[in-house]
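Asks: Sharing a structure here in structure tokens format.
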Amino acid sequence: MIEPKNNYKKCRVKNCIISGLLYLLCATFLILLTTNTASSDELTLKYKLKIPGNVVYVTDIDGDGLNEMFVGTSKVGEIDFLYLYRYQNCEYVRVWRYNISDDGRWGGITSLTVGDTDNDGEDEIVVSTGQPSDTGGDRSLRVFEKVKDTEDSFKPVYKYEIGQRTDPASVKVGDADNDGKNEIVVGLSWYGSKILQFKYSPESGSYEVSRVEETGSDVKSIDIADVDGDGLNEIVAGTSCWKDYGVRVIEYIGGENNEKFKKVWSKPLGYTVAATGDLDADGKLEILAVSGTHCGNVDTPKPGVWIFRYNISRYMNTWNISNFPAGANFGQGGCNPVIGNLMGNATNEFAFTMNVNGTHKKVYIYGFDGEFKEFQSVDANPFSLTIADSDNNGLNELIICDSFDKTIKIYELKPEPPAESNPESNTSENVTEEQKDPIAELPGFEAVYVAAVLILTVLRRR
């Protein structure tokens, strides 16, 4: 009578152990399910293009309703390349190339934009090259226009020699003097340290060059927009090194020769780049500025991100962040911030880069959700950032020209699985995985499943 009682207790203990194991397996399964299923509100790496891109500009250059992507590269050998890519058959296909000979030490295409520079109703491509050295090389501003009766061919129609040890770091096309016609506005650094305007003259068939402002500092960013809401455009510039560090607003006031523009506001911040856009969906433009250390300094001033808005008679700082981790900095090598709709929200997001510690960089994506807050960050070492729809699927991408591994990384919200890529193409590396069963792909799922089956088998036998 005693022995059966002991066996009963043993069975109860075994059953308790087995039940506990089953609960543990179920809990493990639920944890795997909840932690490994991809979030639907994050940007994911969709494409990785094996292109040493410095700068990208996305636009519908041929008027067919679909965007193309221009790419300006870093110096490869002794050549700076200008490429045109078209997304077709789930691949970025290069359809045009232009070579710029460059025997300088640094080189590369430093800025790239597209716009109707001669006001003939058709867009031109504006490209700058330059380098902060005395080692020769190409330092020029070029304007390309489409070759007539061709689909994808462009030719240079204008070239301006910038000058020695000069880096044209930012170029914009827009109506800077509010005469209803576009101009090219160029920010120069190093020995340049000024802002120039290139205005097309139908009489001469070329561009007339005039000075907007002698900054005495590197001009790292240029934007053209109506930031004070008076219906007239201003020039917004970010400056650094030598003399002045900060963001400034320049207005066209008329006058003769080089007295047509006037600086109407500036804010000292440190090494600064700036962009303009509507960040909170109120129909008004804000100025977004990213700032950091003075040239040659390691940790002063502290890095920060600032939003300025014009209110009645002055520009006011309405939001800023400066609580980055110790060791973070934003200085030489920092690229311009970008503004655009990335997350499918009613408001635009903005992206900027920051050195987290030493050479490790991150791209931060912030947006407005009742207040400005961080949505996501991505590890990258960007030369430039772009927000645009390069694959024409209706969703904007964050396009990062990564100078570390010489690639172009394209991030998108909820990437769709593309069709089978062209195996002969070595231009793009499609990193989007096919959609699979999210449960069957969980790490360790097979082990959990097999263990559960074995335990149930043991229970049945007992």
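The values are calculated or read from the model by the stated rules, or taken from the named source; none is laboratory data. Fair warning: this is a prediction, and the values are worked out from it, not measured in the lab. Every residue, glycine among them, receives a Cβ derived from its backbone with ideal geometry; neighbour counts consider all protein chains shown. When the accessible area is computed, the model is the full protein with side chains, heavy atoms only, and any ligands, DNA or RNA have been set aside. Shrake-Rupley method; radii C 1.70, N 1.55, O 1.52, S 1.80 Å.
Asks: As an exercise: evaluate S40 against (1) assigned to a loop (DSSP other than H, G, I, E, B); (2) at pLDDT 95 or above and give the number of the one condition it does not meet.
Replies: (2)
Asks: Could you give every pair whose Cβ atoms fall below 7 Å, whose first residue belongs to the range 360-383 and is assigned to a loop (DSSP other than H, G, I, E, B), and whose second residue is at pLDDT 90 or above and buried (at least 16 other Cβ atoms within 10 Å of the Cβ), counting only separations of at least 6 or pairs across chains?
Replies: Close Cβ pairs satisfying both conditions: A380/V363; A380/I400; A380/D402; A380/K409; N381/D402.
Asks: Looking only at residues in the range 164-196 that are more than 25 Å from D120 (Cα to Cα) and open to solvent by less than 30 Å² (accessible area, probe 1.4 Å), which one is modelled with the highest pLDDT?
Replies: L188
Asks: To continue, here is another question. Does the range 102-111 include one or more residues that are without any contact (Cβ under 8 Å) to a residue 60 or more places away in the chain, outside any loop (DSSP other than H, G, I, E, B) and under 22 Å from K50 (Cα atoms)?
Replies: Yes, the range 102-111 contains a residue that is without any contact (Cβ under 8 Å) to a residue 60 or more places away in the chain, outside any loop (DSSP other than H, G, I, E, B) and under 22 Å from K50 (Cα atoms).
Asks: A further question follows. Please work out if N233 is of a type in the set (S, T, N, Q), more than 22 Å from S128 (Cα to Cα) and at pLDDT 95 or above.
Replies: Yes: the conditions hold for N233.
Asks: For H294, only one of the following conditions fails: (1) at positive phi; (2) open to solvent by 10 Å² or more (accessible area, probe 1.4 Å); (3) in contact (Cβ under 8 Å) with a residue 40 or more places away in the chain. What is its number?
Replies: For H294, the failing item is (1).
Asks: Checking N99 against (1) at pLDDT 90 or above; (2) surrounded by 21 or more Cβ atoms within 10 Å (Cβ to Cβ), only one condition comes out false. Which one?
Replies: The failed condition is (2).
Asks: I'm told D80 meets every condition in (1) part of a loop (DSSP other than H, G, I, E, B); (2) buried (at least 20 other Cβ atoms within 10 Å of the Cβ); (3) modelled with pLDDT under 95 except one. Can you identify the failing condition by its number?
Replies: (1)
Asks: Moving on to the next point. Scan (1) in a strand (DSSP E or B); (2) among the charged types (D, E, K, R); (3) open to solvent by 10 Å² or more (accessible area, probe 1.4 Å) for the single condition D405 breaks and write down its number.
Replies: Exception for D405: condition (1).
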